[in-house]
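Take a look at the structure set out below.
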Amino acid sequence: MRMMVVFEKGAQLRFIGHLDLMRTMQRALRRTGLPIKYSNGFNPHIRLSFAVPLSVGVIGLRELMEVPVEDCVTADEFMQRMNAVLPDCLQIRCCKAVEDTFPALMSLVAGADYRITFVKTAEGKKAAQCFSGFMNLTEYVTNRRTKSGENPCDIRPFVLAGKCEEADDGYTIELHTAALKNGMLKPALWFDSLCEYAGCAEVPHLIYRTAILAKSQNGSLIPMEEL
Amino acid sequence: MCYDFDALLNSVEKPARYTGSEMNAQVKPFASADVTFAFCFPDTYEVAMSHLGMKILYGILNDLPYAVCERVCMPWVDMLSKMKEQNVPLCSLESRTPLKEFDIVGFTLQYEMSYTNILEMLHLGSIPVKAAQRSENDPIVVAGGPCAFNPEPLHQFIDAFMIGDGEDVIVELTDIIRDCRKNGISRRECLKKLASLRGVYVPSLYHDEYNEDGTLKSITPVEDNIPQRVLKCIVTDFENAYVPTHPPVPYVQVVFDRIMLEIMRGCTRGCRFCQAGMLYRPVRERSVDRLVEVARESVENTGYEEISLSSLSSSDYSCISQLAEKLSEELKDKRVSLSLPSLRVDKFVQDTLTHTQKVKKSSLTFAPEAGTQRLRDVINKNVTEEDLSNTLTNAFSNGWNAVKLYFMTGLPTETDEDLLGIAEMAKLAANAYYSVPKQQRVKGLRVTCSASVFVPKPFTPFQWCAQDRPEEVLRKQHMVKDAFRPLKSAAFHYHDSGVSQMEACFAVGDRRLSNVLYRAWELGCLLDGWTEQFHYDLWKQAFDDCGLSIDFYAHRVRDLDEVLPWDHIDAGISKSFLKREYEKALRAETTRDCREGCNGCGLQKLKGVCSGCE
Ligand code: SF4
């Protein structure tokens, strides 16, 4: 049996990298004393895996990981014991036991929802005003940094839908994005591109990943935990 | 969240070292606390979070219901320049409170080359760097740790030093400061009260005078009721002393990212160069049962996957085999590995070896310190070639294939023959490896020898000795390097002579060096313990600008009757013992381990402190 875990990685922890987060979760699991399945071999470890890594700097509101556990562990107990040992800025929101036959979360990832917030400075306003124009483009090619160096990449096709709202204290952009053959959208790159398109200088902002998406039976993208 | 601070994090290296919020970080209400303590580690987060002493004192202070203790670390250079550019003050990790809003700002002094960081941290925290310029509202700045045993080079910057084991005195000091703040007692009166505590040294209450030749004439209290000498603090009930079983668990990987189980404090060996061995006397052990209990608790509270034993000489722990056995028993099902570090050559028992291996193969390190038996006798390092050879043969037939050997160059009485002996020791290690039948040993032998430069330290029998001049250090290092050339599987590394020279100056320096320190900081010296940040030319200029000579501090043999800058600090070790040991060293005579019988180091005069001498 595996536990599918939805957790929040708060603003304070947005600079904690993938491997560091993995180690922290493993330590938290060890602290709970829950019957976790360990890998075999000389250095047994917890076979924890994340659906998809979160970029450093991005806040995760509904992140997903899975952990192999013994059958006797219930979802409630798992969540309770984990939250008791995890810091406030790293808490489990819900979890669900799935059978071993359930596909690996990693293989189900089909997209992600993002939220970008920024303040109403002159530059911020400019970026917000250009949002619709930017969304109406059919392509936007920019350089994406990959392991093999900088590569040109069209970031427009990733975005299925988006909206920009104004509130008293700033703007909020919501993006509904799909994973494509060449990977997933880097939201920071998307925002930089918007600013570039709008011709504004750096706009201080915060990026949230609000959901990791999977394909539902009717083909639409829904939060993976709702499968 | 502080918007300015956030903006900085986006553009610095390793931002995660500034974010705090770790598992077990103590975030207590700051505003309602009676007294607040900023525990400052004058080095980066990764070094700070590897330090056991900080975890102990952080835990003790936060266990007090009326106190809040938060951590502050030295930012890296990129962060420093951003903070200055944008006027962002140095803040604590927990509540992001600027340093100057704390009642007490405490530094731990682990290494002389971190001193400039103290000045920088005070400055970044908007606290006047010099104690004399602080006002009634500024925090009281205190410091402790091994380097506090010669506090003089820092006397201009620190209001009060804590000498010796910090566990009890830090609470006494915090309580006094709390009361003084509550009752509006002046800074100076508060410092006088602190000076009456055992183990507290308030430098502004002492006055220094010099002889014509530049040596120290005296350091004396400026008022009555101030002790002539400050006696160090000693935790006598070590068994029940506080153990940090729920320390903050860092997210980023730090230098020692594991549970460190302090099995004993102190060392009875009496190596003559070793300051820790003298400062932490007498030796005190925890029982196996207590250690197993705190190990269990620590694993439960941290989730760490590894435990190591911490002490100056873990294999001297009287029940080391039993401890290794009980711990691996306890940890096996929890899948926590146990590693046994700093094992000494002469007591590396076969059964301990198999125990470590069962859990985890830790790296094999030994510190013969010197290349010949004669020189090892001089420094009283009780290790013979036969011991080393046997132990290594044992280890190599049990699956090890790499060994690190630590040495020093520039030890008193050293000759070139002693230095070439370092290469001989490497050969000895190789021979031990090849003496194991091929099918029994693991392929690929690696022998790594590294040599540090001898630094004379206060309260050691070598406190009167001179350090080699840099040219001589280099000549010796190159000679040994050459001797290693023909050795296939052995490598030789050595330390920078400039850093070691500054370390020597500040280890044995007097009050006048605080001007050099201040000047070096003004010139931009920072994070000097990090090779790439160390600028020898700036330090040299600082000495020149202050009209002081490096030679006088680092390369001068002191007269046995000379007044030493730390003579008014009482480490429990008597000067006559140190003199006796120095003279024996010059005759290459060894002194027994004082577990075999008391050597009268001076501690026997303090009642009920050392069980070895009763
Ligand atoms: S008093 Fe004697 S037994 Fe105790 S530490 Fe000193 S020499 Fe050793």
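The values are calculated or read from the model by the stated rules, or taken from the named source; none is laboratory data. Predicted model, so just to flag it, every value in this text is computed and none were measured. Using ideal geometry, Cβ is built from the backbone for each residue, glycine included, and neighbour counts are taken over all protein chains shown. All accessible areas refer to the heavy atoms of the entire protein, side chains included, with ligands and DNA or RNA removed. Shrake-Rupley method; radii C 1.70, N 1.55, O 1.52, S 1.80 Å.
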task = Provide the solvent-accessible area of B:E285, counting protein heavy atoms only and rolling a 1.4 Å probe, rounded to the nearest 10 Å².
result = 60
message = Once you keep just the Cα pairs under 8 angstrom separated by 6 or more residues, what percentage relative contact order results for chain B?
response = 14
Top positive-direction residue, dipole computed over segment A:2-106 with Cβ charges, set A:F102, A:G17, A:P68 = A:G17
task = Using a 1.4 Å probe and counting only protein heavy atoms, arrange A:R14, B:R181, A:R23 so the residue with the most accessible area comes first.
result = B:R181, A:R23, A:R14
request  = Just need the relative contact order of segment A:22-173 here, percent rounded to a whole number, with Cα pairs under 8 Å and 6+ apart.
outcome  = 17
request  = Scan around B:M23 for amide H atoms under 5 Å from its own, H built in the peptide plane at 1.01 Å from N, and keep only partners 5 or more places away or cross-chain.
outcome  = B:V249
key: Estimated inter-spin distance, A:A167 and B:Q86, nm [label 7 Å along Cα→Cβ]   = 2.3
request  = Compute the label zone of B:K326 within segment B:289-314: residues whose backbone N is under 11 Å from the point 7 Å along Cα-to-Cβ.
outcome  = B:289-295
task = Could you order B:C601, B:C613 by accessible surface area, starting with the largest, using a probe radius of 1.4 Å?
result = B:C613, B:C601
task = Using DSSP to define loop residues, name the GluC sites (Glu not before Pro) in segment B:135-222 whose beta-carbon has at most 15 other beta-carbon atoms within 10 Å.
result = B:E136, B:E212
key: Anchor A:K147: lysines whose Cα lies under 19 Å away (excluding residues fewer than 8 positions away in-chain)   = A:K181, A:K186
note = SASA check, A:T117, accessible area w/ 1.4 Å probe, all protein chains in place, rounded to nearest 10 Å², comes out at 40
request  = Determine the dipole magnitude for chain B: charges of +1 sit on the beta-carbon of Lys and Arg, -1 on that of Asp and Glu, nothing else is charged, the reference point is the Cα centre, and the result goes in debye to the nearest 20.
outcome  = 1340
message = Give me the extension gain from B:A132 to B:K481: residue separation times 0.36 nm, minus the current Cα-Cα distance, reported in nm with one decimal.
response = 120.8 nm
Rounded Å value of the spacing that divides the Cα centres of segment B:268-337 and segment A:44-64 = 35
remark   = Computed for B with A: buried accessible area summed over both chains, 1.4 Å probe, rounded to 100 Å², at 2300
task = Of the DSSP beta bridges with both residues in the protein assembly as shown, give the percent that are antiparallel, rounding to the nearest 5.
result = 60
inquiry  = To check you understand DSSP bridge types, tell me what percent of the beta bridges within segment B:5-231 (both residues inside) are antiparallel, rounded to 5.
reply    = 30
key: Computed over segment A:22-164, Cα set: Rg, Dmax in Å   = 20.2, 58
key: Other-chain or far-sequence residues with amide H under 5 Å of A:L64's (modelled H)   = A:F7, A:A51, A:V52
key: B:E46, B:E386, reordered so the largest accessible area comes first (probe 1.4 Å)   = B:E386, B:E46
inquiry  = For a test of the definition: using alpha carbon positions, the gyration tensor, and the 1.5 limit on a/c, classify segment A:109-226 as rounded, prolate or oblate.
reply    = oblate
task = Determine the gain in length on full extension of the stretch B:Q228-B:R592; use 0.36 nm per residue of separation and subtract their C-alpha separation, reporting nm with one decimal.
result = 127.8 nm
request  = Quick one: what are the phi-derived ³J(HN,Hα) couplings along segment B:264-278, Karplus 6.51/-1.76/1.60 with θ = phi - 60°, whole Hz, x for glycine and proline?
outcome  = 7, 10, x, 8, 9, 5, x, 4, 7, 8, 8, 6, 4, x, 8
request  = Between beta-carbons, use under 15 Å as the cut-off and find the net charge around B:A490, counting Lys and Arg +1, Asp and Glu -1.
outcome  = +4
request  = Evaluate the charge dipole of the protein assembly as shown about its Cα centre and quote only its size in Debye, nearest 20, assuming +1 on the Cβ of each Lys and Arg and -1 on the Cβ of each Asp and Glu.
outcome  = 1820
ask   = Out of B:Y111, B:G184, B:I56, whose Cα points farthest toward the positive end of the dipole of segment B:5-231 (charges: +1 Lys, Arg; -1 Asp, Glu; placed on Cβ)?
value = B:G184
note = Computed from the beta carbon distance with a Förster radius of 25 Å, FRET efficiency for B:D34 and B:R198 to the nearest 0.05 stands at 0.60
key: Extension gain (nm, one decimal) between B:R188 and B:E13, 0.36 nm per residue minus Cα-Cα   = 58.8 nm
ask   = If the label point is 7 Å along Cα→Cβ of B:R335, which residues in segment A:34-59 have backbone nitrogen under 19 Å from it?
value = A:34-51
Karplus (6.51, -1.76, 1.60) ³J(HN,Hα), θ = phi - 60°, over segment B:231-248, in Hz, Gly and Pro reported as x = 8, 5, 8, 10, 7, 8, 9, 5, 3, 9, 5, 4, 10, x, 8, 9, x, x
query = Non-local amide H neighbours of B:T591 (under 5 Å, H modeled in plane, Pro and chain starts lacking H): which ones?
reply = none
ask   = Between the helical axis of A:18-32 and the dominant principal axis of chain A, each derived from Cα atoms, what acute angle in degrees is found, rounded to the nearest 10?
value = 30
ask   = What percent does the relative contact order of segment B:5-231 come to when contacts are Cα pairs within less than 8 Å and at least six residues apart?
value = 16
query = Simple spin-label model, 7 Å along Cα-to-Cβ: A:L61 to B:V255 in nm?
reply = 4.2
remark   = Per its Cα gyration tensor (rounded if a/c is under 1.5, else prolate when a/b beats b/c, else oblate), segment B:5-231 is best filed as prolate
Among B:Q133, A:T142, B:G164 - extreme Cα towards positive end, dipole of the protein assembly as shown, charges at beta-carbon = A:T142
note = Diffing segment B:472-489: the Karplus 3J(HN,Hα) column from phi (6.51, -1.76, 1.60, θ = phi - 60°), in whole Hz with x for Gly and Pro, holds 5, 4, 5, 4, 5, 4, 5, 4, 5, 3, 4, 5, 7, 3, x, 7, 6, 9
task = Return the tail of the calculated pair distribution for the protein assembly as shown, meaning the percent of Cα-Cα pairs more than 35 Å apart.
result = 57
key: Student exercise, segment B:572-613 dipole from Lys, Arg, Asp, Glu Cβ charges, in Debye to nearest 20   = 180
remark   = Rounded to the nearest 10 Å², the accessible area of B:D544 using a 1.4 Å probe with every protein chain kept is 100
